[in-house]
């Protein structure tokens, strides 16, 4: 029987890092070779996105435990984009990566269950190992996702404290002296504590932004059995140091996502001159390795694998 | 220039009712003819969903102003389901219906913009007239949707007070004595008041459940320029009387959704004997007409069209 929380721990230990490469294809940022001699209609874009994401996966599969395709950019290309998304997800799985689909879905009752049945688990039509979901509709909207995830050994990441500046509009409102995100955090913590795998973590995780290091620390303490998916690293301003509090003493407990900073590294000043457009895959590799090194230097990630090394 | 809030008013006046038929195809509820001699794999299901929804549209297009496809049931069928969804949306538009896609999408910044660009407006690849969105990520996640909607004359319905029993977990939490949903309501009210069309309504609407009539009345008073999309009628327990407070004195301001109660009316005790599986379209028609009659009898909807009648 699969257990997503446990599979994540195994993959992070094997790779000795918790980096998630976000697959956020954007037409205007693609290396020139993907856009040359190609129309910019949505079907052509979808084909380019699939090719580009496959080639990113080729580079990062030996280095990191997981990728996170962003559904929005594929959906923007219509049905052809959704086919590209499915193909990219299958390709990443075949290359040994865990696939976290960033869809931020939410609905109630049997509709939530339809999303869950469609997306969650390798036997589903989309075959995601995990899915991001949004909690505004309350616990009876989250529970159908949790039930299907548990049944299939798949995972979830519930939005708790997001990385954007305006996230506080609802999330930081005080309820009896505690911010609203703690209400969501409590639900998630209960779900993960109730079904932990080897390693002590459950399969129902939380999204907590790298841009709020104090809240990362607070939530790490409050949710000892919960995997965090941490966006906001790199382009949004979060540093390796900012993520330190998200990890437990062994270097587990948090997955750190980087999207643009890795897949479009050929445009970053640090890599532009050495790689540029034509050697964009070299830039992806260098940016991934640099992020891993930064996390290993600045956080408990450095301790990963030390117990099973000679 | 299109203006969704205005188009909705025109369509409601023309049809003399505000009924939205929810297109929520479910395999086990389809009339037998759609399942006979057909495999139950996701691709075959997608084809059946498309055929079924087209035939529902054939019945309801002359009667109601809008349909609301539920993305989840199409997504559950994988990429083939998404193609079916796109085809159903195009078919409904061609038949003169407004199409409100129920996707409850949400994300931040340029990712939110990607969803908005993909879905909103008839010139987009999906071609939705309006989309439902979720507010947990805050105003900076809603604004990109609003900006694209305004630019394209399309509409939005933001989740405010949902119809499910557990919605209160976050939505009803008190912030300085006011429930959290009022914070979202205020944002939506400001957006709609800032850009009203003929008829006094904006294009940024709110989802408010029929299962909470007191809150419907409270929010109608607080959001005089905001269209409501009201789920929860019928199968979830809301009655025509429960929706009365959602309307303004002219009978405008609220769209009342019914999904299962209409599209699977052939299974309801009231229609089963007269129609049954083989005459399921007759049941759809009868259920739609009965719902219209109930709203006309119990709410200000009865006043629609009286001014331009002879």
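The values are calculated or read from the model by the stated rules, or taken from the named source; none is laboratory data. Treat the numbers as computed from the prediction; the structure is a model and nothing was measured. Please note: Cβ atoms are built from the backbone with ideal geometry, for glycine as well, and neighbour counts cover all protein chains shown.
Residues considered: A:45, A:143. Of these, the only one that is within 11 Å of chain B (Cβ to nearest Cβ) and surrounded by fewer than 24 Cβ atoms within 10 Å (Cβ to Cβ) is A:143.
When restricted to residues that are in contact (Cβ under 8 Å) with a residue 24 or more places away in the chain and either out of contact with any strand residue (DSSP E or B) (no Cβ under 9 Å at 6 or more places or on another chain) or in a helix (DSSP H, G or I) (or both), the stretch B:112-122 contains 5.
None of B:195, B:189, B:185 is over 21 Å from residue A:110 (Cα atoms) and outside any helix (DSSP H, G or I) except B:195. The residues listed here are B:271, B:233; of these, the one that is farther than 26 Å from residue B:10 by Cβ and touching a helix residue (DSSP H, G or I) at 6+ places or on another chain (Cβ under 7 Å) is B:271.
Within the stretch A:282-292, is there a residue that is part of a loop (DSSP other than H, G, I, E, B), closer than 30 Å to residue A:35 by Cα and under 18 Å from the mean Cα position of the chain (by Cα)? No, there is no match, as no residue in the stretch A:282-292 is part of a loop (DSSP other than H, G, I, E, B), closer than 30 Å to residue A:35 by Cα and under 18 Å from the mean Cα position of the chain (by Cα). When you check residue A:125 against the structure, is it at negative phi, over 18 Å from the mean Cα position of the chain (by Cα) and not in a loop (DSSP other than H, G, I, E, B), yes or no? Taking the combined requirement at face value, the residue does not satisfy it. Of the helices (runs of 4 or more DSSP H) lying entirely inside the stretch B:207-278, those containing at least 1 residues that are closer than 14 Å to residue B:291 by Cβ span B:240-243, B:260-263, B:269-272.
Which residue is farthest from the other protein chains (Cβ to nearest Cβ), if the candidates are limited to the stretch B:54-93 and must be farther than 17 Å from residue B:122 by Cα and in contact (Cβ under 8 Å) with a residue 60 or more places away in the chain? Only one residue tops the list, namely B:63.
Elements of the type helices (runs of 4 or more DSSP H) sitting completely within the stretch B:1-111 and holding at least 1 residues that are modelled with pLDDT of 95 or more, in contact with a strand residue (DSSP E or B) (Cβ under 9 Å, 6 or more places away or on another chain) and within 28 Å of residue B:248 (Cα to Cα): these cover B:4-15, B:42-60, B:78-94.
Listed residues B:128, B:189; which is away from every other protein chain (no Cβ under 11 Å) and under 19 Å from residue A:71 (Cα atoms)?
Unique residue meeting the criteria: B:128.
Applying the condition of being within 9 Å of chain A (Cβ to nearest Cβ) and in contact with a helix residue (DSSP H, G or I) (Cβ under 6 Å, 6 or more places away or on another chain) to the stretch B:166-186 and asking which residue is surrounded by the fewest Cβ atoms within 10 Å (Cβ to Cβ) yields B:166.
Apart from one condition, residue B:163 fits all of (1) surrounded by fewer than 24 Cβ atoms within 10 Å (Cβ to Cβ); (2) outside any helix (DSSP H, G or I); (3) in contact with a helix residue (DSSP H, G or I) (Cβ under 6 Å, 6 or more places away or on another chain); the exception is (3).
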